[in-house]
């Protein structure tokens, strides 16, 4: 019986595979403003702290145990550990750890965590090659631009279909960054993007499990391997991204090609990166911020009759878990995040430990949180009212949470966050040295000096 193979497709899409490849291969080194370059250093610093901080997590242990069965050669470093593995496996494991705490950077226009796939692939390759810090920064800016422009082109429809957009665009950003670092020409860079286009990684069903952080790790490994294959002459469709049955039109019903071509080489998506003060899903941050403010106004957990949240629909879609069983699940619970903010005045990784999540007072408090969708509330905002046992009502409205583009974390706050992640692994003095190396990365002659600082003594 014949099938109807008719599809609604754009047969006149611009050649975006070639356009992006040409951009990645030929854009001049440091061809952007000082502000963009500084943001690249902030992005790298934040990513590295997250990767080091989760180095001893059980997800890292499990991933390394699997990798060791392949008997890899020691080409690159697993950050925060003394282990050395092949560069593809280092990209995988460092990508996993950088996202394990859900504390990494966020491109708020698309909810992509861009550094996880891109920096993880890039640093593993750069260590193997002895690349300069300037080469790494250049490649990071360009790789993130590719991933996030592709995200802009498809968001939100692609995300709404169930794709975890960090992994399903990250392999393209990683391939672009590694192609740049390898010095591939536009033709081979197009092939790398084409190979990567057949390897989108990750579904939203995996949120709250170890497989969520696998997505940026898997994308990092896929992108690195795509660039290595292309460097040796491996081929792909030159229209792999835009063709009617290529990547974009297969995984999304929205394909706004102008988001790829508009101001390419003039506007850099890394400028829209933000950094999390709270170690959980970004849509919970306004609620945590509001509950921290309630605490600062003197509201105590024992005074609470209920906490009323008015939120955007995406908050309950992504983080509506009322009874998280462990720390990973709690990162997708607006109820636990709100309880943590009020109880501790913060929500770093410690507040998402299994012990805290299962503590009786935390269970009781989060059961007093009532969240309802309000169509008038933006996804960046929240309206919170604490109803107290004495009948008083204390109200807080957060338009933009701390860590957003409107209320960004300062360099000093990023350094404090880095210390909180890195000090238990490396010690405070070593963390200071690593922070300094991150700020000076663009001037480093060989990135391996920085990598050595990320290994415990």
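The values are calculated or read from the model by the stated rules, or taken from the named source; none is laboratory data. Since we're looking at a predicted model, the values are computed, not measured. Note: ideal-geometry Cβ built from the backbone for every residue, glycine included; neighbour counts use all protein chains shown.
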From the list 105, 37, which one is within 27 Å of residue 130 (Cβ to Cβ), touching a strand residue (DSSP E or B) at 6+ places or on another chain (Cβ under 6 Å), in the same structural domain as residue 258 (by TED's automatic domain parsing) and in contact (Cβ under 8 Å) with a residue 40 or more places away in the chain?
-> 105
Residue by residue through region 257-281, note down the ones that are over 22 Å from residue 48 (Cβ atoms) and either outside the structural domain of residue 34 (by TED's automatic domain parsing) or touching a helix residue (DSSP H, G or I) at 6+ places or on another chain (Cβ under 8 Å) (or both).
-> 257, 259, 260, 261, 264, 265
Taking the stated definitions as given, is residue 371 within 18 Å of residue 293 (Cβ to Cβ) and either touching a strand residue (DSSP E or B) at 6+ places or on another chain (Cβ under 8 Å) or in the same structural domain as residue 104 (by TED's automatic domain parsing) (or both)?
-> yes
Can you find a residue in region 46-61 that is loosely packed, with under 11 Cβ neighbours inside 10 Å, at negative phi and not in a helix (DSSP H, G or I)?
-> no
When restricted to 456, 424, the only residue under 27 Å from the mean Cα position of the chain (by Cα) and assigned to a helix (DSSP H, G or I) is 424
Go through the residues of region 215-222 one by one and say whether even a single one is without any contact (Cβ under 8 Å) to a residue 60 or more places away in the chain, closer than 18 Å to residue 145 by Cβ and part of a helix (DSSP H, G or I).
-> no
Could you grab the pairs with beta carbons closer than 7 Å, sequence gap of 6+ or different chains, first residue in region 111-126 and more than 14 Å from residue 41 (Cα to Cα), second one assigned to a strand (DSSP E or B)?
-> 113/106; 124/76
Give the residue, chosen from 349, 308, 355, that is farther than 22 Å from residue 377 by Cβ and in contact (Cβ under 8 Å) with a residue 24 or more places away in the chain.
-> 349
Evaluate region 79-87: report whether one residue or more is in a helix (DSSP H, G or I) and closer than 23 Å to residue 147 by Cα.
-> yes
Scanning region 255-283 residue by residue, the ones that are within 13 Å of residue 347 (Cβ to Cβ) and either free of Cβ contacts under 8 Å to residues at least 60 places away in the same chain or in contact with a strand residue (DSSP E or B) (Cβ under 6 Å, 6 or more places away or on another chain) (or both) total 1
How many of the residues in region 75-91 are surrounded by 12 or more Cβ atoms within 10 Å (Cβ to Cβ) and touching a residue at least 24 places away in the same chain (Cβ under 8 Å)?
-> 11
Out of 72, 28, which single residue is touching a helix residue (DSSP H, G or I) at 6+ places or on another chain (Cβ under 6 Å), surrounded by fewer than 19 Cβ atoms within 10 Å (Cβ to Cβ) and in a loop (DSSP other than H, G, I, E, B)?
-> 72
Residue 232 meets each of (1) touching a helix residue (DSSP H, G or I) at 6+ places or on another chain (Cβ under 8 Å); (2) surrounded by fewer than 24 Cβ atoms within 10 Å (Cβ to Cβ) with one exception, condition (1)
Scan (1) in contact with a helix residue (DSSP H, G or I) (Cβ under 8 Å, 6 or more places away or on another chain); (2) exposed (fewer than 14 other Cβ atoms within 10 Å of the Cβ) for the single condition residue 381 breaks and write down its number.
-> (2)
